[in-house]
Amino acid sequence: LSEMVMYLENQGFKVDAKLEWRAVSIRVRMDYIARIVDNISSNLVKYASPALPVTLKTVYDNHMGGIEVSNQILTHAGQVESTKVGIKNVKRMITQMNGVCQIEMEQDFYKIRLLFPIIDWKQTAAEIPLLLLSVFNAGIL
């Protein structure tokens, strides 16, 4: 996220980062996260108004944690062609990580929220022997 903030600031945007880190863990694929952040950053440069800050914040909701990015839409952004392929790919990658991608779009406002399940380490630790047993029984080990 810090690289995203630096990139946006280098592109002339002000970023209002409201990051509250809690002592929780989420499971993600780092290659997917890099692609998702790259896509969101690219979309912000294309479609966000640099006149108002981009807001980046951490969110926690119902055993899930993640980030939310919101911005004012550039007034002539409707003239910029969009295939929406990038956001479709973001949604696909989020789903593959058992996460949720929520998008709100009004006339001049855009918000994307990415949420991932918070790991319950007690439950995960209890599942490891069962997972190893099933992998062993399947002949993988």
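The values are calculated or read from the model by the stated rules, or taken from the named source; none is laboratory data. Just so it is clear, the structure is predicted and the values come from calculations on it, not from any experiment. Counting neighbours? That spans all protein chains shown, and the Cβs are built from the backbone with ideal geometry, glycine included. SASA here: full protein model, heavy atoms, side chains in, ligands and nucleic acids out. Shrake-Rupley method; radii C 1.70, N 1.55, O 1.52, S 1.80 Å.
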- Among the trypsin sites (Lys or Arg not before Pro) within segment 1-64, which fall in a DSSP loop and have no more than 16 other Cβ atoms within 10 Å of their own Cβ? Lys14, Arg22, Arg27, Arg29
- Item | Summed side-chain charge close to Gln72 - residues other than Gln72 whose Cβ falls under 14 Å, Lys, Arg +1, Asp, Glu -1 | -1
- Message: I'd like to compare 107-116, 88-97: which one has the highest average count of other Cβ atoms within 10 Å, and what's the full order after that?
- Response: 107-116, 88-97
- Query: Once phi is turned into ³J(HN,Hα) by the Karplus curve 6.51 cos²θ - 1.76 cosθ + 1.60 with θ = phi - 60°, what whole-Hz value does each residue of segment 103-117 show in order, with x for glycine and proline?
  - Reply: 10, 10, 9, 10, 3, 10, 9, 9, 9, 10, 10, 10, 10, 10, x
- Note on the structure: Sorted by chain and number, the residues with a modelled amide H under 5 Å from that of Ala48, at a separation of 5 or more or across chains, are Leu74
- Message: For Lys46, give me every one of the lysines with a C-alpha distance below 20 angstrom, ignoring sequence neighbours fewer than eight places off in its own chain.
- Response: Lys14, Lys84, Lys88, Lys91, Lys111
- Cβ under 10 Å from Lys57's Cβ, Lys57 left aside: what net charge do those residues give with Lys, Arg +1 and Asp, Glu -1? -1
- Task: Can you list which of the GluC sites (Glu not before Pro) found in segment 1-81 are DSSP loop residues with at most 11 other C-beta atoms within 10 Å?
- Result: Glu20, Glu81
- Message: How large is the accessible surface of Leu19 in square angstrom, using a 1.4 angstrom probe and rounding to the nearest 10?
- Response: 70 Å²
